Every structure is written in structure tokens, then in C-alpha cells.
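*Asks:* Here you go, one structure.
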Amino acid sequence: MPSYVTLMNWTDQGIKSFKNTVERYEAAETAFAQAGIKTKEIYWTVGAHDLVSIVEAPDDETLAAAHLTLGAQGNIRTTTLRAFTGEEMKGIIAKTP
């Protein structure tokens, strides 16, 4: 399954309710699992982003739909990066001239 790194920032609404951030994550994780998305790691961070997660999803479209649903709740904004394992990168390199 493809892996993704998601960088998240709280919106004004999200920071106002920071005390329930773990519960919001747990609810999102349950909904994501129903869509076939597995959260491998999540971190609450200090710096340019408020949270960082590493997930596996069946495909780009499934993850995009889940992030749209999550973002529509108004608590976070996401930036998602497709991540490749070493083995996947070897396959990519093999396709180059």
C-alpha cells in the first residue's frame, strides 16, 4: 500500500479546542480505518506544523477523500506528501534511462 506523510496545521477553530485533539485524532483514525487507511504514526509537533502523520492508503483518491472530509470539519489544514520506501525507490530508479 502506498505511504504518505501528512503535515497538519490547526485552524483558528482547531487551536481553540486543542484539549480534545487526541479524541479528534482517535475519531479520525476510526473513520480512516473504515476507508482502508492505516495510521502508522502520528506526532504532535513544535515548529512549522502542529501534527505530522504517516499513513498507508489504498490509493491517492481514497486518502484525498478522507482528508477532504477531515478538513471540512474545520479543525485542520493538511499538506500531503507521497512517500516511497527504499524498495519502491529502487523500482523508480530502474525506470530511468
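The values are calculated or read from the model by the stated rules, or taken from the named source; none is laboratory data. All values derive from a computational prediction rather than experimental measurement. All Cβ positions, glycine included, derive from the backbone under ideal geometry; neighbour counts span all protein chains shown.
*Asks:* For a quick check of your reading: which strands (runs of 3 or more DSSP E) sit entirely within the chain and have at least 2 residues that are of a type in the set (S, T, N, Q) and under 10 Å from the mean Cα position of the chain (by Cα)?
*Replies:* Hits in the chain: 3-10, 76-83.
*Asks:* If the Cβ limit is 7 Å and pairs must be 6+ apart or interchain, which residue in segment 48-72 that is closer than 21 Å to residue 12 by Cβ pairs with which residue that is assigned to a loop (DSSP other than H, G, I, E, B) and modelled with pLDDT of 95 or more?
*Replies:* From segment 48-72, the pairs are 51/45; 52/45.
*Asks:* Every residue in segment 74-86 that is in contact with a helix residue (DSSP H, G or I) (Cβ under 8 Å, 6 or more places away or on another chain) and among the polar types (S, T, N, Q), please.
*Replies:* 75, 78, 80 - these are the residues of segment 74-86 that are in contact with a helix residue (DSSP H, G or I) (Cβ under 8 Å, 6 or more places away or on another chain) and among the polar types (S, T, N, Q).
*Asks:* Are any residues in segment 40-55 closer than 10 Å to residue 5 by Cα and either touching a helix residue (DSSP H, G or I) at 6+ places or on another chain (Cβ under 6 Å) or of a type outside the set (D, E, K, R) (or both), and if so, which ones?
*Replies:* Once the filter is applied, which keeps residues that are closer than 10 Å to residue 5 by Cα and either touching a helix residue (DSSP H, G or I) at 6+ places or on another chain (Cβ under 6 Å) or of a type outside the set (D, E, K, R) (or both), segment 40-55 yields 42, 52, 53, 54, 55.
*Asks:* Within segment 55-92, track down each residue that is of a type in the set (A, V, I, L, M) and surrounded by 16 or more Cβ atoms within 10 Å (Cβ to Cβ).
*Replies:* Scanning segment 55-92 gives 55, 57, 63, 66, 70, 76.
*Asks:* Moving to a separate point now. For segment 1-16, how many residues are at pLDDT below 95 and of a type in the set (Ser, Thr, Tyr)?
*Replies:* 0
*Asks:* Which of the residues belonging to segment 46-79 are in contact with a strand residue (DSSP E or B) (Cβ under 6 Å, 6 or more places away or on another chain) and among the charged types (D, E, K, R)?
*Replies:* Answer for segment 46-79, where residues must be in contact with a strand residue (DSSP E or B) (Cβ under 6 Å, 6 or more places away or on another chain) and among the charged types (D, E, K, R): 50, 56, 77.
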